[in-house]
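The values are calculated or read from the model by the stated rules, or taken from the named source; none is laboratory data. As the structure is a computational prediction, the values presented were derived from the model and not from experiment. Every residue, glycine among them, receives a Cβ derived from its backbone with ideal geometry; neighbour counts consider all protein chains shown.
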Amino acid sequence: MSEFPDVDVVVATRDRPVLLLATIAAILTSDYAGAIRVLVVYDQSAPVPSLTTDPALGLKDNRKVAVLTNTRAPGLAGARNSGLLAADAELVAFCDDDDTWLPGKLRAQVAALNVDPTAELVCCGIQVEHGDSSHPRVLDQRVVTLTDLLRDRLTELHPSTFLMRRKAVIDGFGLVEEEIPGSYGEDYEFLLRAARSHPVLNVPEVGVRVLWSKGSYFTARWTTIRSALPWLLERYPEFANVPAGEARLMGQIAFATAADHERLAGAHWALQAMRRRPTEPRAYLALGVAAGVLSPDWVLRQLHRTGRGL
């Protein structure tokens, strides 16, 4: 790989025109000597062709924008895959349409890949913006294994930080999974699959500002969550060898099930989680929701204020 290889950045979008412009502008003004092309993939919304010539974006020979539509399954997974298949640069990245890259993000990640020619995917830290609060989330390790990710979701490794060798995705660990119910957790599944192929690199510094808003959460999609996470447990039998990770998912299923007004089933999942790991906090929160003592929305609001999720 050259010192500054070309990079295609896939930005899937739907009905966020103002945030989208800020996202694109931040990517194109990266402190990076190589060429950058932003592939804007419109999902279930009308494309805006004028983005390819918008003077406000600072377009020039090595900074370009292409406008695409999602030609695969509707939703984020299909949109990202449409972008991946349209990309032709040596490196490809993801960025959500409400997040913004910091200037040095790309330069630091490319340097990490240059140091390890066998690495396939590199992440970095994030700054979570929620209302008036801001929380840095930085993982203090440079190499992340599959076991690390089975044990903990490591939400510091946000999809807007993903930078990958395109060949490793297309000819290796594969596209984003489009069959997960509701596309819930598709970024985590993608990361697990990448780590199965090769340990994931991480730059332990903030590189992306992540905007958390009501539109970013699955708060009201409890049925989707309680369908998607059992799918993930079945797809990755390795969870059975990592009790803390299996209990974490079971606790999330328990919480979503209880929040979806299936209180007995939620309590059943909570007890399974506690058998795997007696100190699993999500199991106790789920029991509180099942008993009617806690409101699921209240619990999530408290977590989001600290820059964390369930």
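Counting only residues that are within 16 Å of PRO159 (Cα to Cα) and out of contact with any Cys (no Cβ under 7 Å at 6 or more places or on another chain), how many does the range 27-46 have?
4
Pick out the one residue from THR69, THR29 that is assigned by TED's automatic domain parsing to the domain that holds CYS124 and closer than 29 Å to ILE180 by Cβ.
THR69
Just to be sure, is LEU229 surrounded by fewer than 23 Cβ atoms within 10 Å (Cβ to Cβ), on the phi < 0 side of the Ramachandran plot and of a type outside the set (Gly, Ala, Ser)?
Judged against the criteria, LEU229 is not a match.
Considering only residues that are farther than 21 Å from THR155 by Cβ, out of contact with any helix residue (DSSP H, G or I) (no Cβ under 7 Å at 6 or more places or on another chain) and in a helix (DSSP H, G or I), which ones fall in the range 276-310?
GLY288
Please work out which residue is modelled with the lowest pLDDT, limiting yourself to the range 217-252 and to residues that are among the β-branched types (Val, Ile, Thr) and not in a helix (DSSP H, G or I).
Ranking the candidates gives THR219 first.
What pairs can you find where one residue is in the range 83-103 and closer than 12 Å to ARG165 by Cα, the other is of a type in the set (Asp, Glu) and surrounded by fewer than 19 Cβ atoms within 10 Å (Cβ to Cβ), and their Cβ atoms are less than 6 Å apart, with a gap of 6+ or different chains?
From the range 83-103, the pairs are ALA89/ASP6; GLU90/ASP6.
For the range 127-136, indicate whether the set of residues that are in contact (Cβ under 8 Å) with a residue 60 or more places away in the chain, surrounded by 14 or more Cβ atoms within 10 Å (Cβ to Cβ), in the same structural domain as LEU175 (by TED's automatic domain parsing) and in contact with an Asp or Glu (Cβ under 6 Å, 6 or more places away or on another chain) is non-empty.
Checked against the condition, which is being in contact (Cβ under 8 Å) with a residue 60 or more places away in the chain, surrounded by 14 or more Cβ atoms within 10 Å (Cβ to Cβ), in the same structural domain as LEU175 (by TED's automatic domain parsing) and in contact with an Asp or Glu (Cβ under 6 Å, 6 or more places away or on another chain), the range 127-136 yields no hits at all.
Has the range 127-150 got any residue that is modelled with pLDDT of 95 or more, in contact with a Pro (Cβ under 8 Å, 6 or more places away or on another chain) and over 28 Å from LEU232 (Cβ atoms)?
So far as the range 127-150 goes, no, none of its residues is modelled with pLDDT of 95 or more, in contact with a Pro (Cβ under 8 Å, 6 or more places away or on another chain) and over 28 Å from LEU232 (Cβ atoms).
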